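This report refers to the structure that appears directly beneath it.
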Amino acid sequence: MKHTENAPAKLNLWLNVIGKRSDGFHDIESLIVPTSGLSDVLRFDVREGGGGLDFSCNVSELTVGEDNLIIKALALIERELEVKIEGYIELEKNIPIGAGLGGGSSDAAATLKSLNYIFKSSLSLDKLNNMAASLGSDVPFFVNSKPTICKGRGDELIFYSGDLTAKPIVLIKPPFGVSSAWAYSNLGKDGKLNEWSNDVQIADWGEAFNDLEMPVFKKFLVLPAIKTWLLERNETEVALMSGSGSTIFAVCVDLPSAHKVVDKVRDVFGSSVWTKIVEIAA
């Protein structure tokens, strides 16, 4: 059966790292929102059978082995439904890798939802969430794909119905990624680096801050430079790193302001900087 599924990017509007857990993960609290205007696209042509699975992607550096979250999600479905799946999966990768935008987690959630639909298995939302949590901390958020306060290691979901913003948001990513594992492992012993001073910003949704900026900004100095440059501009209301980076996002006054930021950022930080204008998908 053929099926196409969009896998949206996410933004962390605030991210509080509470501390390290006994299982090696960190307890967090974060307001996470899906975006409109930036998604990976997964195209499935699969059926039950033992003829094997072909996988293709437009991004060559993405691994296609057993560590790929799409392949892991498919294997989970196969075990749960006690079937073998054959056919073809194509991934159109539009969300940059290592950007703090949740691309891999979103792809995994899209795979779970798509295969549940294709095979008419009627797995419950709770069951899909539990399967998603075994794949990664952000994956349950993407199964639901709505504004959510995520707690625990990211798998405890409280749907958010408060204020957000309808203003355009510019995503800015330099030509490198940041490993989430590295970012968390370089937090202080209590989960934070107390010597780093990072002012909380006030946004339409309330406070805007990200505890992971502390270790990431110390290693990747261009990131605080981008954030500072954004905050000094009249077009920008809020500037923050999403997740573990390396994307910095800027909430802009209006769409002309967003386009102006996109035009200027390449002049200042080079043509290799990736940009995209998105909105929050409420």
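In degrees, nearest 10, range 0 to 90: what is the angle between the Cα axis of helix 125-135 and the longest Cα principal axis of the chain? The answer is roughly 70 degrees. For the stretch 2-159, take every pair of Cα atoms, bin their distances at 5 Å starting from 0, and report each bin as a whole percent. P(r) for the stretch 2-159, in whole percents per bin: 2, 9, 19, 22, 20, 14, 8, 4, 1, 0.
How far is the Cα center of the stretch 52-77 from the Cα center of the stretch 106-128, in Å? Cα centroid of the stretch 52-77 versus Cα centroid of the stretch 106-128: 16 Å apart. Between residue 82 and residue 23, the simple spin-label model (points 7 angstrom out along Cα→Cβ) gives 2.7 nm. The distance between label points at residue 201 and residue 56 comes to 4.1 nm (points 7 Å beyond Cα on the Cα→Cβ vector). Which stretch or stretches of the stretch 59-75 have amide N atoms under 17 Å from the point lying 7 Å from residue 181's Cα along the Cα→Cβ direction? Correct set: 62-70, 72. Looking at the square roots a ≥ b ≥ c of the eigenvalues of the Cα gyration tensor of the chain, which shape do they give, rounded for a/c under 1.5, prolate if a/b is larger than b/c, or oblate? Here the chain falls in the prolate category. Of the trypsin sites (Lys or Arg not before Pro) found in the stretch 1-82, those in coil by DSSP whose Cβ has at most 13 other Cβ atoms within 10 Å are 21. Relative to the longest principal axis of the Cα atoms of the chain, the long axis of helix 103-118 lies at roughly 30 degrees.
The lysines within cross-link reach of residue 93, meaning a Cα-to-Cα straight distance under 20 Å and a gap of 8 or more places when in the same chain, are 2, 10, 72, 113, 173, 276.
For the chain, the longest principal axis of the Cα atoms and the long axis of helix 69-81 meet at an angle of about 40 degrees. Here the peptides 267-275, 167-175, 88-96 are ranked by packing, the mean other Cβ count within 10 Å, and the order with the highest first is 167-175, 88-96, 267-275. Full extension of the chain segment joining residue 66 with residue 282 gains 74.4 nm, where the gain is 0.36 nm per residue of separation less the Cα-Cα distance.
No lab work stands behind these numbers, since they all come straight from the coordinates. Bear in mind the structure is a predicted one, so any value in this text is a computation, not a measurement. Every residue, glycine as well, gets a Cβ built from its backbone with ideal geometry; the counts of neighbours run over all protein chains shown.
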